[in-house]
Each structure stands twice: as structure tokens, then as C-alpha cells.
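All of the numbers you see were taken from the coordinates with simple rules; none came from a lab. Nothing here was measured: the structure is a model prediction, and the numbers come from that model. When we count neighbours, we look across all protein chains shown, and the Cβ atoms used for this are built from the backbone with ideal geometry, even at glycine.
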């Protein structure tokens, strides 16, 4: 039994953490947050992500990648969450997952090396506005000659992506597939969506009879598999957010004096923080297990994915809310970074399935069958 | 990541499964079977069954052979825990001896104590009780007032213990007693082995809110114990007790997961029969429980990994206890909530008897108290793991 990261995976995480601490700290995050009109895509950070292999984690070695599993990918996602880091890392990695899942060998050979090297920024558009993250939530249709029409939102970084992987439904509604779209192509309209989480950039993608290339082997299973991988990477980011928010809150409450003692000595806070620590620990386990379940193709992978996303969503919301509360007034201020964590948790809690949605899936898996 | 067990451990699983298949009668699978028997009769059957199992070699799985164990790996112990629950084997009648006393004796006992205690314990020749809590010392364990005064080669013990598991079936009790008058609270304590079959020891059952009597109280009136029957040095009882409690808090996660997951499936089947399985609120509530149960399973893998890597669980045992005990309790609360007004009925429909599930649900109210209440565990997590000030 070895349910833990190996030395190499630990070292990878430490390298990401080390880079962020030195070169992209919360002051750098703030610069992105406070410039909502900007593209939210710092060039130096992207260059570093490419150079240090963060974008190449999942790409097979034959395509110039590191050939790592989802377990290593969640290590990176966790650190990016802990640093509330902006940029299209997750979007680009997920586009790569789509190509891995359903691209022909030619499509893989063309796209994966570019994605691994950071030369191609990409994103995914898997759901219609206000819909569910499931096949039924796809609101793009495939028309004649494989051209796409419909809407997808929210899409991460549509304005900087040079390629979008779009989930679309066949005209008769029976089959789903994944399609590559160039956002600069005729018939594509990107509308930026203002979002209170300043650590990302979101948009709505409207397609009107747009030329698209089908990822050759994609079908409904590939779309479902991509949604699961997206849920796990998002859960990992949430776990990073939660762990960091908890650590910062504990650090503050250890030294903040009121009534002549550190406020962290009060049981009202201690017990709540202890419960949150247990929760974060369990969420860490759940994300690690889900990533491994996908890598190893375990029979309970769908269940594990929903456990991870439900737990990570809940615990990140709880911890980031508690962070504001247990910092007191300063936690509610703009100048403190607590709101970066809180708002990112809010966005990601709903992304690729809220806790409620994943719980309903768990109910279906364990009650109905 | 590697979630598999070794081939040797899997071979062991096969052997154990075969033995259990031939030795667990079909009627024991029935939920509520044990609760339907007279408590003393149930105890006697389980005691004998477990003795036979031990004599076959399926006991003390990861303990050294020289003391009567099987000499297996921690992985084998995890396999054993899982298979026992899966096979509907009865729970041990010697839980405090097996889970808490034995590992503590292995850690700090003398060579003679290891030889005298472990083997008879495994074979159920001696049923052990734990004498920690007192009427005036619950969460504040250091407030124990049971006194042991030295008289030649013996201690003379006076006082009272309470919430003692198996009090009326016990043969010996390891009791936390005050041996050093005048020493400060934590310093003046010793852990003493006391024979319960003597005139100075009286045990009485305690009837619990569930109606059952797993616990009892034990009275000492000039009871005697040899001075050599001390675990650890006299005066070091607090440290030994804390070590012992860490085993209690870190109890086997995989066994608990397997048991609770079975209860979850039972709950689901009851809701189906009552036509409540489609209720969206009940579904959310149960799925919330399932999330915590699965986390408990992952956590047990983490714990086993730590043990196999030679690391001590330490204060993380408090985290484990919070997870399993709070989840168990919440699961049964979810059951009651989903049943609504029917929750309190012994049989909501003539062919659906809920009493054994209700007994388990009542029991779940105790698990967040014994072995250190959830409030005590939260203090430990906050102070020892998070480093918050005392």
C-alpha cells in the first residue's frame, strides 16, 4: 500500500510552490485582480509555466511532454490554487486532455507538442449558459458539413486562446463529440463576462455555422471523461485554495491579540478550525484518490471523481468563508487577500459540477443502482 | 501510488476467507441476530468462537510470533479487519484488550508482561476491562481519584471506575490509579493490572439509553494487586495512558468503512422499501454521508501507508477519530431525517423491523464521547496539529 505522492511528485510540487513564492506572489496576483480590463495572462508567468514543464505534465514523452498521470497534474493544480494564480493553465491542460482522449495520432502529433511548450494557448467550452455540466448541458449543435452553431459559457480565457475544444451534439441529438475551433474564424463571437473572481478571465462563446475539426475518435464517452478530468483538476485547485486559506487563518489567529490573549486560544475558534483541518485533509485524500482512480482506470473512478469534487467544493467554501470571519474586520477589506481565496472558491465550487450536482450523481450511483 | 497488497497478503486473504466461510453460520449474517440473543449468551458464543479462531492462527495478525501473534504485516492486519466485517464475523469480545492494551504492552511492557498478557488475551482466557473514567473524571482524566496505597509487595486499591466496557464479563482490569499522594495531577498516576475475581472488586452493569449494557461500573474496596503488575513505571501512568488512548483513537479505518458502508446500503434499502429513495433532500443528505465514508476509506489507506513507512500516527489519531465517529453519527441522523415520523417506530410496516438499526443509531450517540469526546479531539487537533495556543 502506498497512498501518497512519491518523491518526484513531491519535488515537482515544491518547485511550483517555490517559483510562485519567489516570482509570482500575492502582490503579482493583486496586479491582475486590480486590472480587470487586462487579459489576465501575465506573459512572464506563462513563459515560466512552459519552461518548467507545468504545461507538459500530461503530454506523453513522444510528444515532448513529461508523460505524467493525473496524480502529478493535481499536484500542479493544487499549488496554483494555493497561490490563487491567474492564467490559462487549467484551460490549456484540459484542451490537451481532450486531444489525448480523442485526437487521432496525427492530431496529437500536431497539437500536443505545442500545448506542452506553451506555444499554443487553448481552452475548453463544454456547457451552455446556466446548464448542467453533463452531456445534457451541451448547447452547441453540429450542422451540415460538421459546422457548429450554439453557445457555450462560461469559457476560461476565450480571448487569449488560439484554439477552443468545443463539446457539441449531433443534429439528431444522439451523439456528442469534441471539436477544435479557431476563435478567430468567421462566425465566432466572444463576449467577455465580467466576473468577481479576478484571478481568471471568462467569456461567452457564440458560434454561428462555424468551421470545426472533429477530434477524430471523440464521442459521448470522451466528453464525459473530459468532464471528469476537469472536475478533478478543479477539485485539486480548490483543495489548494482551502489548505492555503486555512494555514493563513491559523497563522493570523495564533498572533492576533484580543482580551489580552491570542484569539486562537479561544475554543470557539479552535474547534471550528480543527473541523476545517479535518475537512481539508479528507478533501486532499479524495482528490489524490480520484486522480489515481482515473490514471489506473479503477472501477469506482466516477464515484471517486464526484466524491472529490463535492468534498473539495464544500470545504473550500467553508474555509474561505471562515477565513474572512476569523480574521475579523481586516478579512472583509479589499486590501487583504482573503477575498482572492473566497472568490476563487466561489467560482470553482460551481465549475464542472457543484457539490449538489455531484452529490446527486453519487445518489444515482449508490441509491438507484 | 500503489493501492494493492502484496501477494503474500493476498494469499493470507484467501486463507482467512476460506476459514471464515466455513465457520460463520448463515444466521449470523442476519442484521439484528446478535441483538436478538440474551446478552450473556451472545457473549459466551462469541468468546468461544473467537478462541477457536485464535487457536487456528487468525489472531494477533501483526504481532510477533514469540508472544502468540501471527507475525504478519500491517497490510495483513488491514486485510484481516476488512475480511472479518465482510464475512459478518462477530465483533471481538475483548476489544479493549486487543486494540488498546496489547499494543501498549508491546510498546512499554516488560518481557514477562508481554509473555503473560498477549497469548491469554488472544485466546480469550482473560477478558480485559479498561478502568479510566470515574464519576469525577471524564474528559478531565487527570482528575482520577481511585487510590492505590502500597502495603508490602502489594497495592491496596479503593475507588470507583465507570463506563467500563465488559465490566460484568471482565477477568482483569487495567486501571489508572493514584499511587503517589502529593504529586501533581498528571504525575501521581500509575497503570495497574487488577484481578477482578476477588472480594474487593465488584462490577455492576450500566443500562444505556439503547437498553443494552455494553458498559458497567467497577467498585474497588481494599482490592489488592502485586506491585509488579504495573504497566510502565509507577508514577508514569499518565504517559502510558496517553499512548494507549492514541491506539484507541486510531482504530482500524478499513473495518469501520466496511461496516458503515454496509449500514449505508441497509439504510438505502429501507428507504427504497418505504418509497423515500427518490426524495431529493434525502438523496443529498445520504450522498453527503457517502462522501465522508469514502473519505474515511481513503484516510485508512493513508494511515496504513504511514504505518508501513514506519511513521507514527501520533496526534493525527484524533483526526481519524473525529472523521469516523462524526460520520457514523451523521449517517444515522440522516437515516432518521429521511424516515421522518416513521423514524421512531419499531416497524413502520409489518414486514420491516428497524430495531437493530435503531440500536446501532443509538450506539452512534456514544462514539463521539468515549475514547475522548469530539470536543477533546478538536482541542488536540487545534493545539497539536495546527499549533494554536492553549
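Some points to look at:
- Distance from the Cα centroid of segment A:188-257 to that of segment A:24-60 is 14 Å (rounded to whole angstrom).
- Within 10 Å of each Cβ in B:378-385, the average number of Cβ atoms from other chains: 6
- Exercise: per-residue mean of other protein chain Cβ atoms within 10 Å, B:263-270: 1
- Pair residue A:193, residue B:153: separation of 7 Å Cα→Cβ label points (nm): 8.3 nm
- Length-normalised contact order of segment B:76-198 in % [C-alpha pairs under 8 Å, at least 6 apart]: 20 percent
- Cα-based equivalent ellipsoid of segment A:44-98: semi-axis lengths in Å, sorted from largest, via gyration tensor: 17, 12, 10
- Normalising the average separation of contacting C-alpha pairs (under 8 angstrom, six or more residues apart) by the number of residues puts the relative contact order of segment A:53-144 at 27 percent.
- Its alpha carbons give segment B:176-282 an Rg and a Dmax of 22.1, 65 Å.
- In summary, segment B:256-300 shows an alpha-carbon radius of gyration equal to 1.20 times the 2.2 N^0.38 Å reference for compact globular proteins.
- Note: segment B:261-335, Cα convex hull, 68 Å³ per residue.
- For segment A:152-295, alpha-carbon Rg and Dmax in angstrom: 21.9, 70
- For chain B, the C-alpha radius of gyration divided by 2.2 N^0.38 Å, with N the number of residues, is 1.01.
- Length-normalised contact order of chain A in % [C-alpha pairs under 8 Å, at least 6 apart]: 16 percent
- Each label was represented as a point 7 Å from its Cα along the Cα-to-Cβ direction; for residue A:254 and residue A:110 these points are 5.4 nm apart.
- When the Cα convex hull of the protein assembly as shown is projected onto planes of every orientation, the mean area is 35.8 nm².
- Helix axis angle, B:253-273 relative to chain B longest principal axis, alpha carbon, degrees: 40 degrees
- Remark: C-alpha extents of segment B:325-373 on the principal axes read 40, 17, 12 Å, sorted largest to smallest.
- Between helix B:355-367 and chain B: long-axis angle, C-alpha atoms, 0 to 90°, nearest 10: 50 degrees
- Our Cα-only numbers for segment B:1-124 put the radius of gyration and Dmax at 15.2, 47 Å.
- Per residue, the convex hull volume that the Cα atoms of segment B:40-98 enclose (Å³): 82 Å³
- Radius of gyration (Cα atoms) of segment B:142-223, expressed as a multiple of 2.2 N^0.38 Å: 1.14.
- Nearest-0.05 FRET efficiency for residue B:209 and residue B:262, computed from C-beta distance (R0 35 Å): 0.90
- Dimensions (Å) - segment A:51-192, Cα atoms, principal axes, largest first: 42, 34, 27
- Cut-off 18 Å, label 7 Å out along Cα→Cβ of residue B:311, residues of segment A:1-44 by amide N: A:1-15
- Computed from the Kirkwood radius of its Cα pairs, the Stokes-Einstein diffusion coefficient for segment B:292-390 at 4 °C and 1.567 mPa s stands at 83 µm²/s.
- Under the Debye formula (equal points on every Cα, no solvent term), log10 I(q)/I(0) of segment B:75-121 at q = 0.15, 0.17, 0.18, 0.21 Å⁻¹: -0.48, -0.59, -0.65, -0.80
- Just so you know, the Rg over Rh for segment A:1-132 is 0.98, from Cα atoms, with Rh as the Kirkwood radius.
- Over segment A:95-171, volume per residue of the alpha carbon convex hull, in Å³: 100 Å³
- Axis angle, to the nearest 10 degrees, between helix A:105-117 and the longest C-alpha principal axis of chain A: 30 degrees.
- The P(r) of chain A has a tail past 34 Å containing 24 percent of all C-alpha pairs.
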